[in-house]
Structures are given as structure tokens and as C-alpha cells.
């Protein structure tokens, strides 16, 4: 009787392999099958695998999904049911716009043991590569994450209009001109700070700080491409984390 394998949905983080968790590295080292996306550290990881590990590329690109989600689900279940340890390696965090929950559900329905290993989501980690905190005392107390595929709905417009909220848009490069136009038509100030970070935390990283009114033109000039993260809000303005000159110590003061 064939022993039942298992599936681990492993977050690869924003790009570099050394930003993955220790658990993620262990599960990859123990895997019989790696099913991976084009984003995250996959290219770096698969090059160093034992030749006996079966590597399956199911990566999607904008407008081009050669392996449908249903087929990915089927592959995970099939290999685990055959007794193999399967790692589904995903960019960012498996449960943040990664369809990880759908893949977990497919495994649960099939009776396949499945677990998730979290990772830094690109929504949080990539802005950090430009020194942008999503929350900052006195500047932003909350953040809102959405995708360019959704456009700007009422919730996102409310977030962008609130100076205490940082808005993060993933997969928004193609939709950027439309997003900017919608925000401006709804009265969002053209001077609202924005930033683009392309290929964050990698050697190919490119970034620019801009404003809502200049964003579309700057993106065209830059030739902005996916994968990129778009940040809107006061935390994106230049100089937010500029060095602060220490206050002079009064004469005669005793320091600890």
C-alpha cells in the first residue's frame, strides 16, 4: 500500500532565498517534488536541487497562464497521493493574493495532509527595500493592500484619501494609468506621495518616488514593469526617515 505523502505550501518571500524562513529551507531540502512559480526565489532554489527532485514550473505571467489553477491543484494532490513530499513554492506569502487557500482546500477535500509556511509578503517587504514603513508613528496608523486587477473601488478610494492610511497595490503596473485617473477624478490631491519599487530586494531593483499627479508619466519614463509594488501615502515621501540631528546635551548633564 502506497504511503500518503503531504503538501507544504511554502512562502518564498519577496525574492532572495536568504529572506525565506528556516522552516521553508528545511522543507525544500526534504521535498521529492517542487511545484514553483516564476516569482520569489524559485530560480535560485531550483538550480541547487538534487537531480532526483522533480521540478514542475507552473509560473504565471500577466495575461499568460499556461498551467490553469485547477491543474496545479490536481498536480499537488496527485503527487502527494503517490506518497511524495510536495513543496508548493510561491512568491511572497501563500495566503496573500497567492491562491494558497484554494490549493489548501483542494488538498483537504482530497484528504491529503497539507500545511502552510508563511513568508514576508511583497506588500510589506518590498516597500522596506526602499526604506518605506507601511506604518509610522505620526504619519500612518494603518495600511490597505489591494491588487491592480480590482481597479480602485470605494474602499481603496477611502484608504487613499485618508492621510493616516498607506495604500499598497500589487500587480498594478498595467492598470496604473486608470488607477491614477480614477483617484484624481475623485478628488485625491495630485501631490499625494507615491513610490514604485520594481524587483524589490534583488540586484535588479529599481525604484522611484513620485506623486499621484506625476505617477503615470514617471512610470512611462521609467519603463516600469512587473513585478512591482506601488505605495501611496505620506510614508512614501522622500526624507521621511532622514537622519535626525541629536539635540545638544546641556552643560553639566550626566549621561548614563
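The values are calculated or read from the model by the stated rules, or taken from the named source; none is laboratory data. Worth saying up front: this structure is predicted, and the values here are computed from it rather than measured. Here Cβ is always computed from backbone atoms with ideal geometry, including for glycine, and neighbour counts include all displayed protein chains.
What tally of residues in the stretch 167-178 results from selecting those that are buried (at least 17 other Cβ atoms within 10 Å of the Cβ) and either more than 12 Å from residue 156 (Cβ to Cβ) or in contact with a strand residue (DSSP E or B) (Cβ under 7 Å, 6 or more places away or on another chain) (or both)? Spell out the reasoning first.
Of all residues in the stretch 167-178, those buried (at least 17 other Cβ atoms within 10 Å of the Cβ) come to 167-173, 175-176.
Then drop every residue that is not either more than 12 Å from residue 156 (Cβ to Cβ) or in contact with a strand residue (DSSP E or B) (Cβ under 7 Å, 6 or more places away or on another chain) (or both), which leaves 167-173, 176.
Qualifying residue count for the region: 8.
Output the residue which, of all residues in the stretch 100-113 that are within 25 Å of residue 169 (Cβ to Cβ) and surrounded by fewer than 19 Cβ atoms within 10 Å (Cβ to Cβ), is nearest to the chain's Cα centre (by Cα). Show your work before the answer.
Narrowing the stretch 100-113 to residues within 25 Å of residue 169 (Cβ to Cβ): 100-103.
Subsequent filtering for residues that are surrounded by fewer than 19 Cβ atoms within 10 Å (Cβ to Cβ) retains 101-102.
On the way: 101: 16, 102: 18 Å.
So, considering only residues that are within 25 Å of residue 169 (Cβ to Cβ) and surrounded by fewer than 19 Cβ atoms within 10 Å (Cβ to Cβ), the one nearest to the chain's Cα centre (by Cα) is 101.
So, of the residues in the stretch 190-204 that are surrounded by 14 or more Cβ atoms within 10 Å (Cβ to Cβ) and modelled with pLDDT of 95 or more, which turns out to be farthest from the chain's Cα centre (by Cα)?
Start the filter on the stretch 190-204 by keeping residues that are surrounded by 14 or more Cβ atoms within 10 Å (Cβ to Cβ), which leaves 192-202.
Narrowing the set further to residues that are modelled with pLDDT of 95 or more leaves 192-198.
Working: 192: 23, 193: 20, 194: 17, 195: 15, 196: 13, 197: 11, 198: 11 Å.
That would be 192.
Per-residue answers, yes or no, for (1) over 28 Å from residue 45 (Cβ atoms); (2) at pLDDT 95 or above; (3) in the same structural domain as residue 41 (by TED's automatic domain parsing); (4) surrounded by fewer than 22 Cβ atoms within 10 Å (Cβ to Cβ):
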site	(1), (2), (3), (4)
76	no, yes, yes, no
87	no, yes, yes, no
115	no, yes, yes, yes
142	yes, yes, no, yes
148	no, no, no, yes
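In the stretch 117-140, what residues are over 11 Å from the mean Cα position of the chain (by Cα) and buried (at least 20 other Cβ atoms within 10 Å of the Cβ)?
Of the stretch 117-140, the ones over 11 Å from the mean Cα position of the chain (by Cα) are 117-118, 128-140.
117, 132, 134, 140, listed by residue number.
Looking at 26, 38, can you tell me which residue is at pLDDT 90 or above and not in a strand (DSSP E or B)? Don't jump to the end; show me each part of the working.
Details: 38 fails: at pLDDT 90 or above.
When all the criteria are applied, what remains is 26.
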